[in-house]
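First the structure, in the form of structure tokens, and then the observations on it.
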Amino acid sequence: MGALMSLKVGWVQYNSDYAAYLPYAVGLLQAYAEHHAPGAFTFLRPRVFAAPLDQEAEALESADVVGFSCYVWNIERSLALAARLKARKPDILIVFGGPQVPAWPEAFLQQYPQVDLCCRGEGEACFLALLQSYQNHRSRDFSPASGRAIPGISGRDTQGQFYQHAPAPRKKDLENLPSPYLEGTFTPLLEAYPQVHWSILWETNRGCPFTCGFCDWASATAAKVHRFDVERLKAELEWFSQQRFHNIFCCDANFGMFPRDLELAEYAVKLHQETGFPAALAVQNAKNVSDRTFAIQCLLAETGLDSHVTLSLQSLYPPALKASGRANISLADFERLQTQLRARRIHTYTDLILGLPGETLDSFIAGYCEVVERGQCHAINVYILDLLPNAPMSDPHFRQSHGLQTVKVPAVNFHRPVREKDPDGIIEWQELVVATQSMPAPDWVQARAFIWWAELLLFKPGLLRIPLLLLQHLGQISMETLLRTLIAAPNPLFRHIHRYFEGQARKIQQGHPMYVPVSEQINGQGELHWKGPYDAVLQLLIRDGHLGLFYAESEALLRPFFAQTQSTAPQDFWQDALFFSASYAHLLHDQDLAGLDYTTRWNAWEVYQGVLTFQTVPVSPLAQRYVKPWRGAPWRLERLPPTP
């Protein structure tokens, strides 16, 4: 028994700087080991917050085995810490697992000799078998010749030759996997950091039935979905509520695909209404539309647990969808869901991906605009295609056949503070696709610039959001025509903005971060945060006093379109629509008020609200006076309508 108690195990699962999540992955491994081999091992407290490497290495130096759970936000720091640990204690056993470890890690192990073993597949049984074998033999050789082969383990034998054992079949019955939340696995961590507002990763099933080539999910789970027991999941929800956790992120790929998901959502709502916790439950909605999916979306949104519903498409272009292995909901279903949800004032957002193989510049712009015309008036999130090590698109043959050109850029978090250089010199990276066979590098630049233009004009903050949506709906003018006209405008200010966007896109192609530093006032002091280039443009327009010029040039560019709608809406109506858009833009930036008046003459705001809720509101006169616009231009309201 003394030998059994001698093995000490350390854990590393670093958070990104975006949120503090309890380390669910290593918690599962520890809970399983403690349940099936009680008292056999001593577990150190997991390392979840990045600190100087020497400090981290010192905290783990007493361990015999250290397990690292790695993904895009922590792989470089994990590798650096593993190297520091090996330098201090050469006989320590370093084990890497998680999605960032390649499925065939021969080159990975050769490049990073500080890593002794890699684990692939579900880790609970694999890691316990590894600990038990190492405890008994104290040998890091698990090759076939050793007689101690463990499914899912890769490493180097005593001669330095690479070996890999296929993962064990995935567990269909998940009841034998104890919950780290209910087993008290995280108690030492919670006691050590009482001031931290922890977020929770919650898993109700494992697997994904879809085969998207840009994702490493289905490739890691063989596509089949296995479920945890409902009573266990309800008990976890109760524990989250008792511990007063605010934010729960559901890890399921398709929440809502099973009938019991509605029951779970209703139980979370019941706890929320009784205790106030959890305060938020973010889910990734099922891709296939059903009445159950809709009911879950409405329930979570209307109770405030998940206020924004995802309706993801990734692309609308059939060749890009085919090359990506992606199956979308139909556009008819997309539009129907938008209509139903927006009628209940539930916000949705749609995800698209820039750089998918098969996509062209024209097809991307057309698809983006069609998403708007199909009812997405709240937000479109466009992600640059990011190649993950185990996603099918990372395969060398796939890269070559589709002409994928990539660049590694520093990984920075949107809206997070711009940090000083890491004292240990560590940078996490993302591998972005910045050109393809169907979208050459210059076209990619124009597509990236178009997205920033659309954000600036339609969504974030939407400087022309109201007149553009009204022109589309009242004038039946395509959003693509409107946006292309503005983007191609020869006006000096618009040309300057476009050149800036092009320049930022080229910088990404050269390895710069996806975002730019933009100053924000935090507690009365300026602080740089990572934001989109459209935020930088808006800040410059306000700082340099050019927002009035921007609206004057916009009005001139849109005047021909206003004229096309004279039979539906008079010129004064469009002046009022511009007024509302500009007022809202300035409200976001707390501009000074000064003594100009503005009187709206038509019900432009009410017609716009009708557009947002898929209701037809006739254009009619409605005189209403607004006073104290901001300094220098007649667009600011003193008494504002509700936030759009």
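The values are calculated or read from the model by the stated rules, or taken from the named source; none is laboratory data. Owing to the predicted nature of the structure, the values given are computational and were not obtained by experimental measurement. Using ideal geometry, Cβ is built from the backbone for each residue, glycine included, and neighbour counts are taken over all protein chains shown. Quick note on the areas: whole protein, heavy atoms, side chains included, nothing else; ligands and nucleic acids left out. Shrake-Rupley method; radii C 1.70, N 1.55, O 1.52, S 1.80 Å.
Things worth noting here:
- Under a 5 Å amide H cut-off, with hydrogens placed 1.01 Å from N, LEU7 pairs with THR42 among residues at least 5 apart or on other chains.
- Mean ellipticity per residue at 222 nm, deg cm²/dmol - from DSSP H runs of n ≥ 4 across the chain, formula -39500 (n - 2.57): -12500 deg cm²/dmol
- Average accessible surface for the chain: 42 Å² per residue, computed with a 1.4 Å probe over protein heavy atoms with every protein chain in place.
- At the residue level, HIS529 shows approximately 20 square angstrom of accessible surface with a 1.4 angstrom probe and all protein chains present.
- For ALA20, the residues 5 or more places off, or on other chains, whose built amide H falls under 5 Å of its own are SER199.
- With contacts taken as Cα pairs under 8 Å and at least 6 residues apart, segment 176-325 reaches a relative contact order of 22 percent.
- Karplus (6.51, -1.76, 1.60) ³J(HN,Hα), θ = phi - 60°, over segment 46-58, in Hz, Gly and Pro reported as x: x, 8, 10, 10, 5, 10, x, 4, 4, 5, 5, 4, 4
- If the segment from LEU549 to ASP291 were pulled out straight at 0.36 nm per residue, it would be longer than the present Cα-Cα gap by 88.0 nm.
- Summary of the geometry: segment 145-202 and segment 549-576, compared by the centres of their Cα atoms, lie 61 Å apart.
- For the chain, carbon and sulfur atoms together expose 52% of the accessible surface, with a 1.4 angstrom probe and every protein chain in place.
- Computed 3J(HN,Hα) for segment 380-392, one whole-Hz value per residue from the Karplus formula 6.51 cos²θ - 1.76 cosθ + 1.60 where θ = phi - 60°, is 10, 9, 9, 9, 6, 4, 10, 7, 8, x, 9, 7, x, glycine and proline marked x.
- For the set LYS531, LYS8, LYS322, solvent exposure ranked by accessible area (probe 1.4 Å, protein chains only) runs largest to smallest as LYS322, LYS8, LYS531.
- Relative contact order computed over segment 39-188 (Cα-Cα under 8 Å; 6+ residues apart), in percent: 16 percent
- Label-point separation, THR158 to SER62 (7 Å along Cα→Cβ), nm: 3.3 nm
- Over 28 Å (Cα to Cα) - which of LYS86/LYS421; LYS460/LYS507; LYS172/LYS322 fall in this group: LYS172/LYS322
- Long-range HN-HN contacts of ALA411 with modeled amide H, under 5 Å: GLU428, TRP429, GLN430
- 3J(HN,Hα) from dihedral phi, segment 526-537, Karplus parametrisation 6.51/-1.76/1.60, rounded to Hz, x for glycine, proline: x, 9, 7, 10, 7, 9, x, x, 5, 5, 5, 4
- Placing a label point 7 Å from the Cα of ASN491 along the Cα-to-Cβ direction, the residues of segment 420-464 with a backbone N closer than 19 Å are 450-464.
- Computed accessible area, PHE614, all protein chains, 1.4 angstrom probe, square angstrom: 70 Å²
- Note on THR187 and LEU201: the extension gain reaches 3.5 nm, defined as 0.36 nm multiplied by sequence separation minus the Cα-Cα distance.
- Note on PHE49/GLU520: beta-carbon distance plugged into 1/(1 + (r/R0)^6) with R0 of 25 Å gives a FRET efficiency of 0.55.
- Across the chain, the relative contact order, built from alpha-carbon pairs under 8 Å that are at least six residues apart, equals 9 percent.
- Distance between segment 386-449 and segment 280-358 - C-alpha centres, whole angstrom: 25 Å
- Full extension of the chain between GLU420 and LYS322 gives 31.0 nm of extra length, using 0.36 nm per residue less the Cα-Cα distance.
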